[in-house]
1. For the stretch 70-290, with every protein chain kept in place, what is the accessible area per residue (1.4 Å probe, Å²)?
2. Is there a quick way to get the dipole size of the stretch 213-323? I mean about its Cα centre, with the Cβ of Lys and Arg at +1 and of Asp and Glu at -1; what is the value in debye to the nearest 20?
3. Among 229, 181, 264, pick out the residue whose Cα is farthest towards the positive end of the charge dipole of the stretch 174-289, where Lys and Arg carry +1 and Asp and Glu carry -1 on C-beta, about the Cα centre.
4. Name the residues whose placed amide hydrogens come within less than 5 Å of the amide hydrogen of residue 470, ignoring near sequence neighbours (fewer than 5 apart) on the same chain.
5. Please report the carbon-and-sulfur percent of the accessible area for the stretch 70-290; probe 1.4 Å, protein heavy atoms only, DNA, RNA and ligands left out.
6. Along Cα→Cβ, 7 Å out, is where each label goes; now give me the distance between the ones at residue 209 and residue 290 in nm to one decimal.
7. For a test of the definition: using alpha carbon positions, the gyration tensor, and the 1.5 limit on a/c, classify the stretch 198-341 as rounded, prolate or oblate.
8. From the phi of every residue in the stretch 88-105, what ³J(HN,Hα) in whole Hz does the Karplus formula 6.51 cos²θ - 1.76 cosθ + 1.60 yield, where θ is phi - 60° and glycine or proline is x?
Amino acid sequence: LCSFLGLLYQEYRDKSTREEIETRRLQDSQTDPEETSPSEETPSEAGPTSTTENKTPPQISLLRNSNSRFNLWQDLPEIRSSGVLSILQPDEIKLQEAMFELVTSEASYYKSLNLLVSHFMENERVKKILHPSEAHILFSNVLDVMAVSERFLLDLEQRVEENIVISDVCDIVYQHTVNHFSVYITYVSNQTYQERAYKQLLQDKPAFREVISQLELDPKCKGLSFSSFLILPFQRITRLKLLVQNILKKVEEKSDRESTALDAHKELETVVKACNEGVRKMSRTEQMISIQKKLEFKIKSVPIISHSRWLLKQGELQQMNGPKTSRTLRTKKLFREIYLFLFNDLLVICRQIPGDKYQVFDSAPRGLLRVEELEDQGQSLANVFILRLLENADDREASYMLKASSQSEMKRWMISLAPNRRTKFVSFTSRLVDCPQIQCVHPYVAQQPDELSLELADVLNILDKTDDGWIFGERLHDQERGWFPSSMGEEILNPKIRAQNLKECFRVHKSDDSQRRKLGSRNRQ
């Protein structure tokens, strides 16, 4: 067993992201982004390393004081006494901090994983209560994940020991991502089963509920929940990609270190995408089977279940009856309810019928949908838009005038139905426009398929917004798009900071820009 000092990873992550938010707030209030000091610019997630009893401790003690807020590389006594700070350029010091943060945060993460295993998984009472198959679903391959983290941490510590000025860490990240990090895909893909099993165990086994509550109260857990330990691997693999991005923004352009960082980032991005796909795959399959059972076709039947199909949005809208010329009528009977199921490649239009069933009366490929907003049509036609099916179930063009319950609901449907439409602030084909940006100050969990879950300190381009408090955004670090409440973030008002954020984003993703351009031209064809 390892003896540890300092904070658990959950505490680190929370503190580092909150410091990142404060740093950006400070920069945003200044006229020149260069005014911030090196220590302010790089919020550190740095923390304690582990020192096992049977291993040689590193020459640099990564954390001497367990009560330290954060330890910066430049604050280490060994660095201060060496005189190296007077020799290195400010940019190199910032880069050292970014690399140091990756190492120390891995140590903190390993500490939390170790606690999950030793305190929860290997607890004798827990082992007696759980059937081996239940324990396997709940803890999955966490022992493999911990072994991978330990091996990774040892290589990182060895690199730090080699020289007080760290030469690089991204080459180590690259090697471990390629050779060992597939264990994360296995763990994260099990997440849906894991969450379901945990809820079921809490419900069905009072003894399990009791022992977990007691274990959570142990001072070792610092008031953190058992579930916060279970989700650590997914949080870490995502965070690791961001830490490599942070290094990438600071290395010299066209240098070996830039090349290594780009390679490491690309491999991490592949793992993170595979993790996301693993999570989505099971829930999507279950959802598609459920929808298929509810549909009754009035028209020629369309097979719904397909490995490459998933639900983007579903919900009720009001369809306007009669020809378009009658739209000046002011009567409630003008509209009748219809229900839409929008998949990534198909739209199905239904009417709800008794027994929680839906009768399908039209459909169209998603690529053959067009939308058009009705401008200034008065209160009775507020939030109304026209949906055109260029080729419907009868191989004819069809138009539907649809009314949504709110402005945000209308815009959400329009963007989902026709994703390549120009939005309020920026054309989807152009990423060069200085559109508004927002940083997340409250985490958000998506409630609908067209929404985007947000982590603290995420920075997003605002592509559209509504008067009733919703934003459609694109997260800079992974280009994921979706809706979220505007109350979750704060707008970045300083144009220089926005430009800097975009520039960093382009640099991080420049290796796949050419690929994206090829895809873009192919999609347009």
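The values are calculated or read from the model by the stated rules, or taken from the named source; none is laboratory data. This is a predicted model, so every value here is computed, not measured. Note that we place each Cβ from the backbone using ideal geometry, even for glycine, and neighbour counts take in every protein chain shown. For accessibility, only protein heavy atoms count, side chains too; no ligands or nucleic acids. Shrake-Rupley method; radii C 1.70, N 1.55, O 1.52, S 1.80 Å.
1. Dividing the accessible area of the stretch 70-290 by its residue count gives 43 Å².
2. Computed about the Cα centre, the dipole is about 360 debye.
3. It is 229.
4. Close amide H contacts, sequence-distant or interchain: 486.
5. Percent of accessible area from carbon and sulfur atoms in the stretch 70-290: 53.
6. It works out to 2.4 nm between the two label points.
7. Values: a/c = 2.49, a/b = 1.48, b/c = 1.68.
Oblate.
8. Per-residue couplings from phi come out as 6, 6, x, 5, 5, 5, 4, 5, 4, 4, 5, 6, 4, 4, 4, 5, 5, 5 Hz.
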